[in-house]
Amino acid sequence: VQLQASGGGLVQPGGSLRLSCAASGFIFKYNTMEWYRQAPGKQRELVAGITSGGSTNYTDSVNGRFTISRDNARRTVFLQMNNLKPEDTAVYYCYRPQSDRNLSGNWGRGTQVTVSS
């Protein structure tokens with residue numbers, strides 16, 4: 001399993017970024033996919049998730065600003081981030097959970113998002 005995240009960078013407050021995560025090594029269309037983030041000195045937190053059927057969920061702090069989507073033909077999951085705030089600064093990780101949440105899933109390498117003027 002490989003998860004390759006990209007799209008991070010430096011952006012001013014109020015700006016936008018689109019993260020992508022290209023997946024391989026498993027049947028992508030059947031899997032829930034998630035984005036996590038970890039800010040310096042903080043625990044990693046779930047940002048957004050999307051099921052195989054397209055249902056989505058978001059942590060409260062990004063609801064209405066971030067949108068998770070997927071393209072099964074391209075085996076890619078996206079995170080569109082609008083109206084970015086300094087507190088969104090973190091390393092963002094793509095994650096493929098196992099259907100049994102007691103088992104460890106697969107993490108991609110993170111991509112740094114920095115929101116600063």
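The values are calculated or read from the model by the stated rules, or taken from the named source; none is laboratory data. Given the structure is predicted, the values throughout are model-derived calculations rather than measurements. Cβ coordinates were reconstructed from backbone atoms using ideal geometry, including for glycine residues, and neighbour counts include every protein chain displayed. Each accessible area value is taken on the protein alone, full model and side chains, heavy atoms only, with ligands, DNA and RNA left out. Shrake-Rupley method; radii C 1.70, N 1.55, O 1.52, S 1.80 Å.
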* What number of residues in the stretch 91-117 are open to solvent by less than 20 Å² (accessible area, probe 1.4 Å) and not in a loop (DSSP other than H, G, I, E, B)? -> 5
* Filter result (assigned to a strand (DSSP E or B) and either on the phi > 0 side of the Ramachandran plot or more than 14 Å from the chain's Cα centre (by Cα) (or both)) within the stretch 13-24 -> SER24
* Asked: Is one or more of the residues making up the stretch 25-35 open to solvent by 40 Å² or more (accessible area, probe 1.4 Å), in contact with a strand residue (DSSP E or B) (Cβ under 6 Å, 6 or more places away or on another chain) and outside any loop (DSSP other than H, G, I, E, B)?
  -> no
* Asked: open to solvent by 20 Å² or more (accessible area, probe 1.4 Å), in a loop (DSSP other than H, G, I, E, B), among the polar types (S, T, N, Q) and over 18 Å from GLY14 (Cα atoms) - does that describe any residue in the stretch 77-86?
  -> no
* **Residues located in the stretch 51-76, provided they are without any contact (Cβ under 8 Å) to a residue 12 or more places away in the chain and part of a strand (DSSP E or B)** => ASN57, TYR58, ASP71
